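No value in this document is a laboratory result; all are computed from the given coordinates. Being a predicted model, the structure only gives us computed values, none of them experimental. Quick reminder, even Gly has a Cβ in these numbers, built from the backbone with ideal geometry, and neighbours come from all protein chains shown.
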Amino acid sequence: MLFRRLCFSLSKSCYLPFFLSSKLTNPFASLNSNPGFISNCESVKLRFQRRMSVNSHNLVSENAASSTMDDPRKPPVVPIPSPETAEPIEVFRALEASLGLQFSSQPIFPKPGPLIIVISGPSGVGKDAVIKRLREVREDLHFVVTATSRAKRPGEVDGKDYFFVSKEEFLSMIQKNELLEYALVYGDYKGIPKQQIRQYMEKGCDIVLRVDIQGAMTLRRILSKSAIFVFLVAESEEAMVKRLIDRKTETKETLLMRVATAREELRHLNEFDYVVVNKGGELESAVKLLESIIDAEKAKVQQRRVVI
């Protein structure tokens, strides 16, 4: 449209506009049939194309010239010796100079922080046996000794299996906010001392907590996703009950209560992160699986952040 207007303006000095001519029946006929008008249009078109060609050539030349100029942001080009003949340190320094940087000796991925592993499960699934073996195969692991108000069982050692305290002492620990979690289980108090966790995490140790299902649910609310929650089970309900019977530590009344509670606790399995089956006679398999879980957690890009 613009081109036609330009052509028309150049030719209007010689030709009257079509609306002033009384002889034209078709207003565009004179324009299309007039050789002078067409010649002028072709001439203008040719000059326009030549000018655009010159401008394009100049623009390309300027871009080519600017691309050949030195970029101050780029490091100077340094010849790199052949890795086959030169000393490794010589090649290393040449690469640094060529790239304009210094290779860092810092770890690409920082050392994983300590984890809190919460191990829980119904009575009779072998929590103590699994944790004991896990502590033997992993040196950087600390098992938090739980405080309890119950009496010692035969073979248990104070400060190793539990911290055995009176109910009055336990209630005092609650009032002083010295426990991460506590619960009343089968008529006795059990709780996890905070100071013990802080002390060993500062040393870089992973923390293992052994709690019942009730305690695990409380810790889930407190620690949320910052801890790993592992549900330990026997291979079957039948095997679990037989283990409780074989312990010979319960009266028939407490045995009935433990079995009923254990069956109910199995319903909480889906609230844990992992499940480990501790099949009878295959303790090593259960421990290796637990080790794999810990190793996998430490290899995660997004690490768990623990604050106690």
If you only keep lysine pairs separated by 8 or more in sequence, or across chains, how many in the stretch 106-197 come under 14 Å at the Cα atoms? 6
For Asp212, the residues 5 or more places away or on another chain with a placed amide H closer than 5 Å to its own amide H are none
To the nearest 0.05, how large is the calculated FRET efficiency for Val78 and Gln106 if R₀ is 30 Å and r is the Cβ-Cβ distance? 0.80
Estimated distance in nm for a label pair at Glu90 and Glu237, the labels positioned 7 Å out from Cα along Cα-to-Cβ: 7.7
Amide H proximity to Val275 below 5 Å, modelled H, separation 5+ or other chain, gives Phe231
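FRET efficiency for Glu168 and Glu136, Cβ-Cβ distance as r, R0 = 30 Å, nearest 0.05?
Numbers: r = 36 Å, r/R0 = 1.19.
Once the sixth-power term is evaluated, E becomes 0.25.
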Footprinting exposure proxy for Thr249, Thr218 (fewest neighbouring C-beta atoms within 10 Å first): Thr249, Thr218
Euclidean distance of C-alpha centroids, the stretch 236-263 and the stretch 122-199, integer Å: 21
Determine the relative contact order of the stretch 200-308: mean sequence separation of Cα pairs under 8 Å and six or more apart, normalised by residue count, in whole percent. 35
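Tally Lys and Arg at +1 and Asp and Glu at -1 over the other residues with C-beta under 11 Å from the C-beta of Val306: what net charge comes out? Please report the intermediate quantities before stating the final value.
Values: positive: Arg198, Lys225, Arg304, Arg305; negative: Asp206.
Charge balance near Val306 sits at +3.
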Describe numerically, in nm with one decimal, the distance between label points set 7 Å from Cα along Cα→Cβ at Lys288 and at Thr251. 4.4
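Out of the stretch 100-171, which chymotrypsin sites (Phe, Trp or Tyr not before Pro) are coil in DSSP terms and have no more than 11 other C-beta atoms within 10 Å? Mind showing how you got there, number by number?
Working: sites: Phe103, Phe143, Tyr162, Phe163, Phe164, Phe170; in loops: Phe103.
Sparse-neighbourhood loop chymotrypsin sites (Phe, Trp or Tyr not before Pro): Phe103.
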The stretch 159-232 shape via C-alpha gyration tensor axes, a/c threshold 1.5: oblate
Can you spot the aspartates and glutamates whose alpha carbon is less than 16 Å from Lys298's alpha carbon? Ignore those fewer than 8 places along the same chain. Glu139, Asp140, Asp206, Asp273
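Which of the GluC sites (Glu not before Pro) found in the stretch 73-142 are loop residues per DSSP with 16 or fewer other Cβ atoms within 10 Å of their Cβ? Walk me through the intermediate numbers first.
Numbers: sites: Glu84, Glu90, Glu96, Glu136, Glu139; in loops: Glu84, Glu139.
Answer by residue number: Glu84, Glu139.
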Given a Förster distance of 22 Å, report the FRET efficiency between Val157 and Ala129 from their Cβ-Cβ distance, rounded to the nearest 0.05. 0.85
